Each structure stands twice: as C-alpha cells, then as structure tokens.
1. Are there any pairs, at least 6 apart or on different chains, whose C-beta atoms fall under 9 Å, with the first in the range 292-305 and aromatic (Phe, Trp, Tyr) and the second assigned to a loop (DSSP other than H, G, I, E, B), and if so, which?
2. If you go through the range 268-291, how many residues are of a type in the set (Gly, Ala, Ser), loosely packed, with under 15 Cβ neighbours inside 10 Å and not in a loop (DSSP other than H, G, I, E, B)?
3. If you scan the range 310-348, which residues turn out to be part of a strand (DSSP E or B), more than 15 Å from GLN275 (Cα to Cα) and not charged (D, E, K, R)?
4. Out of curiosity, is ALA263 closer than 26 Å to PRO356 by Cα and in a helix (DSSP H, G or I)?
5. Check whether at least one residue in the range 292-302 is surrounded by 15 or more Cβ atoms within 10 Å (Cβ to Cβ) and over 32 Å from the mean Cα position of the chain (by Cα), and report yes or no.
6. Where in the range 95-191 are there helices (runs of 4 or more DSSP H), lying wholly inside it, with at least 1 residues that are out of contact with any Leu (no Cβ under 9 Å at 6 or more places or on another chain), hydrophobic (A, V, I, L, M, F, W, C) and free of Cβ contacts under 8 Å to residues at least 60 places away in the same chain?
7. If you take the residues in the range 112-130 that are among the small types (Gly, Ala, Ser) and within 14 Å of ALA78 (Cβ to Cβ), which one is surrounded by the fewest Cβ atoms within 10 Å (Cβ to Cβ)?
8. Confirm whether THR329 is surrounded by fewer than 14 Cβ atoms within 10 Å (Cβ to Cβ) and either within 23 Å of MET257 (Cβ to Cβ) or of a type outside the set (Asp, Glu) (or both).
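The values are calculated or read from the model by the stated rules, or taken from the named source; none is laboratory data. Given the structure is predicted, the values throughout are model-derived calculations rather than measurements. Cβ coordinates were reconstructed from backbone atoms using ideal geometry, including for glycine residues, and neighbour counts include every protein chain displayed.
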Amino acid sequence: MSEPVFETRRSLRPKRKFPRRLIALITAIVITAGSLAYFNRAELRGLVEQLTGAEYSGAEGGLVTVVVKRGDVGTHVAKALVDAGVTKSYDVTLRTIYAKNPTFFPGSYKIPSQISSARAVSLLVDPANMISNRVTIREGLRIGSVFKLLSEKTGVPLSDFESEAKDYKSFRIPEVAPSLEGYLFPATYNFDPSYSAREILDILVQRTKDQLNEDRVAEKDWHRVLTLASVIQREARMEQDFFKVSRVFVNRLAIDMPLQSDATVSYGVGGNTFQTSVADRADPNPYNTYKYPGLPIGPISGVGALAIDAALNPAEGSWLFFVSVNLKTGETVFSETYAQHQAAVEVWRDWLRENPDWND
C-alpha cells in the first residue's frame, strides 16, 4: 500500500512590503543629511581636525597683530596666521581659505591667538578688527606742520618724512614745483601701521591729483591753480568769502598789480602770523608778493577742495582790495577803490586797539 502524498501549501499571508511614504521619508533624510554635510564640509572637517589635534581647541590666547600686505594671496595669509600663532597648521589654514574663498584687504588686524582657522579667516575679513592710525590734516597747514602731525599720529619718525620730501620730484609733481608744499591734500586718513613715510606721502599726493582731476584741471595748470588756491586758503576766513578773495587776486593778476598778500610774505620769511613788518615786506624772497608781481613760486600751504573751487570759479566783482575788520568773527570788507580800502583798514586798526591781546 503506497504512502499518501501530501501537497505542501504555501502560506496565504502576503509578503511584507515597506510603505512608499516611509521609503520617501528615508530618502529625503539621506539627501538632506548629505546636502548638509556637503555645504558644511569645512565645519565638519574643522571638527575632525580639532579632534585630531590639527586645529587649536579650548581657550583662545591673547590678542596679536596680523598684517595683510598689498598683493597678498591665500598662501601669504595662511603663513602670516601660523607665524603669528593664530592658527596651528599651515595646510589646514590654507585649505580653509580655499574653501571659504574670502576677499582680504591690506591692513593690520588685531585678533586672538590659538583659534581655529575658520574663526581666524572670519575675523581677518571683518573691518572691525582692522587697526589704523587716524590722522586729520586741516586745510591751510604748512608742510612742516603736516610732517609733525603725521609723525605724532603714526609713530613714523619725523626725519623719515623730511628725508622723503627732499626727493619731491620723484612724486611726479610739476617740474616747476619747489617742494611738496601744497601737494599734500588735507583730509582725514586711516593709515595702516605698516605704512612707511613714503607710502603715506604717496597717498596724500595722489589725493591732491585726484581732486585736480575731479575738478578737470589740466596737468599743465596744476601748479598755477594750487599756488593761487593756497593764497586764497590762507587769506580767506569765511567760506562765502573764498570766491570773493579769489576775484580780488584774479583782478590784480589781470592788470599786473602785485597781490600784496601778507600770507605769502609771512611764509617767505618763516613767520606764522598774518601781520608783517616793513622789513618782511621788503625781503627779496620769491614768495614776497609785495615786492614782485604775479603769483609766488609755489603754494604756501595745504589746499582744500573749497580753495581749489574758488581759484577756478572766482565770484563776479570789481574788487581790488579786502581786509578782515574783525579777526574774531572773520568779517571781511571788499573794496573797489583804495580810498574805500583805507577806510576799512581803519576799522581793522580800531578792532586791534580794542583787542590788544589778540594773537593771530
């Protein structure tokens, strides 16, 4: 008798499947995590390098100065950071710079030492960390006073400025200029502490050239315009009078009448006041506009934008004389005739008698 044959029946339960929604969610998580890892790969790498000792970790050190020079690229900056003790590894720092692709500006930066390369780079591109020597040069200062101010504010020796100024022709100013006087533009500057006297003077001279170009002054007229503007700068006391003072000098030049500027006379004899003596006005120096007609041989002070504008655009008028009748307020009287001028001079003399202690 044969054995019965049993047919094995497959399970009737359906095969288990993952829900489509779950698969989509997992896929989205994987893609998001991958994207975050990609876009934050520098940070992740930084964490790894801290753990492996390639980056500084823990408390930061004291502040140090890092200098970024003009023309420096990533390799120079990475070396500067490591040399200053800011970052630990040159390779890691350079890799961070390449990853972040920052724009570095020349200057000296005060940042903490012993920090991560990522933080170092972020601090180095923040202008708030740049240190500078702020200098304000006011209009009308003579070159010697400018040099002293620059030296005091920047720490660069006064002798360096004086030495560089002796080679004034190398600054590519007009050949007729007897010095850099008048070519150092008065303004507020922020100089990097690494700048030399030559670099600082180059900036001031270039700023003067920029102003002349902005005013569309032909290069052949630079010296004449600056010389006239410097006399206006020293003689005019109130802003609205600059253009009238300019007209007085332009009118005198037109009829070959001496300018008779006490400011030029004082400059020529090394004085510091607007009041000159008979001897001063007789001195044969080339700045004496009482003795010689026309403009002096060069500017007598630093020249601002207003004075240049006045030299180029004198007010309309027939004045040939002016005098400040009140040195405290700057009130100035302009006259067409000598008799009118003499009357105004008497007002000025009365003011001087009433203010005997006034020091101009």
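1. TYR292/PRO258; TYR292/PRO284; TYR292/PRO286
2. Summing the residues that are of a type in the set (Gly, Ala, Ser), loosely packed, with under 15 Cβ neighbours inside 10 Å and not in a loop (DSSP other than H, G, I, E, B) in the range 268-291 gives 2.
3. PHE321, THR332, VAL333, PHE334, SER335
4. Yes.
5. Within the range 292-302, one or more residues are surrounded by 15 or more Cβ atoms within 10 Å (Cβ to Cβ) and over 32 Å from the mean Cα position of the chain (by Cα).
6. The qualifying helices (runs of 4 or more DSSP H) are 117-124.
7. ALA118
8. Here the answer is yes, as THR329 does meet what is asked.
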